[in-house]
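The values are calculated or read from the model by the stated rules, or taken from the named source; none is laboratory data. The shown structure was predicted, so the numbers you read here are calculated from the model rather than taken from an experiment. Cβ placement follows ideal geometry from the backbone for every residue including glycine, while neighbour counts extend to all protein chains displayed. All accessible areas refer to the heavy atoms of the entire protein, side chains included, with ligands and DNA or RNA removed. Shrake-Rupley method; radii C 1.70, N 1.55, O 1.52, S 1.80 Å.
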Amino acid sequence: MDWQTIYNTFISDLKAFTWPEAISTITQIASVWYARKNNVLVYPTGIIGVLLAAYIYFFLTHPPLYADASLNVYYFIMSVYGWYNWVQKKNESYVYPINWCSKKELWFGIGFFLFFWLIIYVALVKFTNSNTPVLDSLVSASAVTAMWWMAKRKIENWLAWIFSNIVAIPLNFYKHFMLFTLMYILFLIMAWMGYREWIKKYKHAAA
């Protein structure tokens with residue numbers, strides 16, 4: 001496929017976006033913006049976006065992106081959990097401030113990723129008609145880890161999001177979700193900015 005064909009496909013599919021895709025894109029962008037700012041509004045805006053994304057991946061994609069759809073259900077659950085964590089305070093200080101993972105938390109997250117990558121891949125191959133099991137499972141497993149670290153305000157969550165977004169960009173382009181493709185390109189940029197901003201916030205708090 002040459003660049004002209006890619007461009008023509010992009011423009012054609014961009015014009016055919018659905019309203020659920022548009023609203024989901026807007027609310028998810030807002031969510032990542034609030035995450036970068038360490039603002040608890042990351043969660044209510046994110047909940048709207050991920051529920052719509054789950055609907056799109058389950059019911060508007062053929063064949064469905066089963067792992068991505070299920071992942072957005074997981075996002076919803078973790079958003080409720082993270083929302084609760086982020087507002088918890090003890091002696092006027094947050095119970096979960098911005099921090100790096102301990103060695104135990106880091107290895108747990110990596111193991112978490114590898115476990116879910118294998119489980120999701122096998123499930124997609126054995127039980128679904130997915131034609132993108134490798135990419136779909138990679139996006140899902142890395143995002144599962146990112147969301148877990150994010151709920152604990154761990155800086156490494158941004159590194160996991162960066163990896164997940166890099167994989168999600170070609171996956172959504174292949175599935176003709178051009179707004180989501182643009183969204184993940186923006187997410188990739190914002191994740192890098194969020195990573196740097198959280199490091200600054202951590203250093204400032206430590207000082």
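What accessible area per residue, rounded to a whole number of Å², is obtained for the chain using a probe radius of 1.4 Å? Before the final figure, lay out the partial values.
Details: 11110 Å² over 207 residues.
I get 54 Å² per residue for this part.
Calculate the FRET efficiency for residue 189 and residue 91 from the Cβ-Cβ distance with a Förster distance of 45 Å, rounded to the nearest 0.05.
It comes out at approximately 0.75.
Based on alpha-carbon atoms only, what is the radius of gyration of region 88-204 relative to the globular estimate 2.2 N^0.38 Å?
Here the Cα radius of gyration is 1.19 times the empirical estimate.
Out of every Cα pair in region 46-93, what percent are spaced more than 14 Å from each other?
Everything past 14 Å amounts to 55 percent.
Over the alpha-carbon set of region 58-135, work out the extent along each principal axis and list the three values in angstrom, largest first.
Computed over the Cα atoms, the extents are 52, 29, 15 Å.
Would you mind calculating the relative contact order of the chain from Cα pairs under 8 angstrom and at least 6 residues apart, reporting the percent as a whole number?
Across the chain, relative contact order equals 23 percent.
How far is helix 3-15 tilted off the main Cα axis of the chain, in degrees rounded to 10, range 0 to 90?
Computed tilt is about 80 degrees.
Using the alpha-carbon atoms, what tilt in degrees (0 to 90, nearest 10) does helix 178-206 show relative to the longest principal axis of the chain?
On a 0 to 90 degree scale, this one is about 10.
Under the Kirkwood approximation for Rh and a Cα-based Rg, what ratio Rg/Rh is obtained for the chain?
Rg/Rh: 0.98.
Along the Cα→Cβ direction, 7 angstrom out, place labels at residue 126 and residue 62. What is the inter-label distance in nm?
2.9 nm
Please name which of 168, 140, 155 has its Cα lying farthest along the dipole of the chain towards the positive end, using unit charges on Cβ (Lys, Arg +1; Asp, Glu -1) and the Cα centre as origin.
155
Kindly state, to the nearest 0.05, the FRET efficiency for residue 202 paired with residue 19, given R0 = 41 Å and r defined as their beta-carbon distance. Show your work: numbers first, answer last.
Details: r = 39 Å, r/R0 = 0.95.
About 0.55, to the nearest 0.05.
If one takes the longest principal axis of the Cα atoms in the chain, at what angle in degrees, from 0 to 90 and to the nearest 10, does the Cα axis of helix 42-59 lie?
20 degrees
Which residues' amide hydrogens lie under 5 Å from the amide hydrogen of residue 94, considering only partners 5 or more residues apart or on another chain, with H built in the peptide plane?
Result for residue 94 returns nothing.
If you take all C-alpha pairs in region 10-99, what percent of them are over 20 Å apart?
Values: 1725 of 4005 pairs.
Across region 10-99, Cα pairs with separations above 20 Å total 43 percent.
Ordering 104, 201, 175 by how much accessible area each has at a 1.4 Å probe, largest first, what is the list?
Reading off the accessible areas and sorting them downward yields 104, 201, 175.
What does the accessible area of residue 192 come to, in Å² to the nearest 10, when a probe of 1.4 Å is used?
Counting only protein heavy atoms, the figure is 130 Å².
Once every DSSP H run of n ≥ 4 in the chain is given -39500 (n - 2.57) and the sum is divided by its residues, what mean residue ellipticity at 222 nm do you get, rounded to the nearest 500 deg cm²/dmol? Could you put the intermediate results ahead of the total?
Numbers: 8 runs with 161 residues, N = 207.
Value at 222 nm, helices only, nearest 500: -27000 deg cm²/dmol.
Work out the P(r) tail for region 162-207: percent of alpha carbon pairs separated by more than 12 Å, whole number.
So the pairs more than 12 Å apart make up 62 percent of the total in region 162-207.
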